[in-house]
């Protein structure tokens with residue numbers, strides 16, 4: 001059913017990398033969530049008030065929160081799609097992350113209020129009326145919430161939306177919450193155990209716990225998390241697919257929100273090749289990544305000296321020395337600069353965030369290995385930190 005709705009309501013639905021198509025997905029998911037949760041909330045609140053059940057009322061409030069979240073999602077996608085301006089040259093796409101953050105905080109606040117109300121019901125229990133229509137309503141609500149969770153998480157994954165993934169996870173929690181309420185009603189009817197206040201409290205605590213988890217998911221991209229490995233691989237494969245490209249390193253990816261990704265890299269070419277031809281290839285790479293991957297890409301051309309016996313031998317020695325070092329991701333740009341009394345072997349070493357070795361220790365090991373083949377070699381190393389995993 002979800003696929004049919006998407007095909008019917010979203011124009012050019014397969015082109016999910018296009019910012020406008022992505023915005024259509026977000027608006028559509030927000031409208032579906034808003035309508036569905038308003039209906040669910042109304043059903044639960046009416047039955048909860050008629051039966052005097054704090055657990056059902058709490059579940060209805062949770063659905064009302066989800067309806068509010070859908071409104072916030074709609075607003076968030078609308079604001080995130082605004083073009084760049086003088087104060088925000090990289091656009092407003094990060095508003096989508098703030099949308100998810102606001103939803104998570106809202107859920108926590110209302111969850112705490114439900115804990116208070118449910119605890120009062122535990123201290124002062126009241127009988128809950130039972131009806132089979134209520135059981136049927138809760139069963140239908142579980143089916144609807146299950147479908148809505150699948151729908152939002154599927155779209156969230158399809159367009160890589162943190163906000164929709166948050167909403168989808170919250171819809172999944174609705175399934176467990178409503179199932180708990182249903183179990184409480186059945187237990188009170190057939191086992192004569194007053195569980196309404198306890199189930200209401202459990203519902204509220206589950207709401208808070210899930211909201212905290214969702215909060216952490218939305219904070220991570222705002223703090224600057226590592227880029228997705230699939231994205232890094234797509235960029236590097238794209239670069240290496242062009243002719244006369246020897247390698248790529250120093251790839252840095254900046255995420256200014258969904259659809260607003262900027263990247264830069266150093267691209268290696270033959271130092272003895274035609275300069276203008278190499279520059280033309282680099283220009284073509286930049287344009288093709290913008291067109292195919294929708295990433296604003298800037299490349300620096302790195303000339304690499306080939307078929308130099310000194311450089312080739314030094315490359316092999318350095319590679320062998322670095323291989324067993326945990327936390328050293330690799331090296332690049334090795335060159336030899338000869339002088340009257342010594343030769344400088346200059347290169348960049350890439351350290352992963354978890355590297356525990358000291359830079360002086362790494363340099364000492366490399367220099368000792370190089371001096372074994374030529375005592376006049378001196379090592380000059382620039383240590384880089386790996387922002388991406390190539």
Against the empirical 2.2 N^0.38 Å scaling, what ratio does the C-alpha Rg of the range 2-223 come to?
1.09
Could you give the angle, 0 to 90 degrees to the nearest 10, between helix 275-293's Cα long axis and the longest principal axis of the Cα atoms of the chain?
10 degrees
Using packing as a proxy for protection, rank 90-97, 235-242, 302-309 so that the peptide with the highest average count of other Cβ atoms within 10 Å comes first.
90-97, 235-242, 302-309
Residues of the range 321-335 with backbone N under 17 Å of the label point set 7 Å from the Cα of residue 306 along Cα→Cβ are 333-335
For a paramagnetic label modelled at 7 Å from the Cα of residue 343 toward its Cβ, which residues of the range 299-332 fall within the zone defined by backbone nitrogen distances under 15 Å?
305-318
What per residue convex hull volume, in Å³, do the alpha-carbon atoms of the range 67-132 yield?
97 Å³
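Please state the equivalent ellipsoid semi-axes for the chain: what are the square roots of 5 times the Cα gyration tensor eigenvalues, largest first, in whole Å?
On the way: eigenvalues 676, 126, 44 Å².
After scaling each eigenvalue by five and taking roots: 58, 25, 15 Å.
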If one compares the long axis through the Cα atoms of helix 309-322 with the longest principal axis of the Cα atoms of the chain, the angle in degrees, nearest 10, works out at 40 degrees
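Determine the shape class of the range 108-204: with a ≥ b ≥ c the square roots of the Cα gyration tensor eigenvalues, call it rounded for a/c under 1.5, and otherwise prolate if a/b is greater than b/c, oblate otherwise.
Details: a/c = 4.04, a/b = 1.72, b/c = 2.35.
Here the range 108-204 falls in the oblate category.
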Stick to the Cα atoms of the range 272-343, pair each with every other, and give me the Kirkwood hydrodynamic radius in Å at one decimal.
15.4 Å
Kirkwood Rh, Cα Rg: Rg to Rh for the range 307-390?
0.97
How far is helix 359-373 tilted off the main Cα axis of the chain, in degrees rounded to 10, range 0 to 90?
30 degrees
Protection proxy (average C-beta count within 10 Å per residue), highest first, orders 211-217, 333-339 as 211-217, 333-339
From the mean inverse distance of alpha carbon pairs (Kirkwood) and the Cα radius of gyration, derive Rg over Rh for the range 226-305.
0.97
Just from its helices, what would the mean residue ellipticity at 222 nm be for the chain, if runs of 4 or more DSSP H residues each count -39500 (n - 2.57) and the sum is divided by every residue, rounded to the nearest 500 deg cm²/dmol?
-21500 deg cm²/dmol
Determine the percent antiparallel among the DSSP beta bridges restricted to the range 307-390, to the nearest 5.
45 percent
If you take every DSSP beta bridge whose two residues both sit in the chain, what share of them, in percent to the nearest 5, is antiparallel?
45 percent
Can you give me the three principal axis dimensions of the range 158-278 from its C-alpha atoms, in Å, biggest first?
87, 23, 18
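Give me the extension gain from residue 360 to residue 219: residue separation times 0.36 nm, minus the current Cα-Cα distance, reported in nm with one decimal.
On the way: separation 141, 0.36 × 141 = 50.76 nm, distance 3.56 nm.
Full extension from residue 360 to residue 219 adds 47.2 nm.
No lab work stands behind these numbers, since they all come straight from the coordinates. Just so it is clear, the model here is predicted, and its values are computed rather than measured. When we count neighbours, we look across all protein chains shown, and the Cβ atoms used for this are built from the backbone with ideal geometry, even at glycine.
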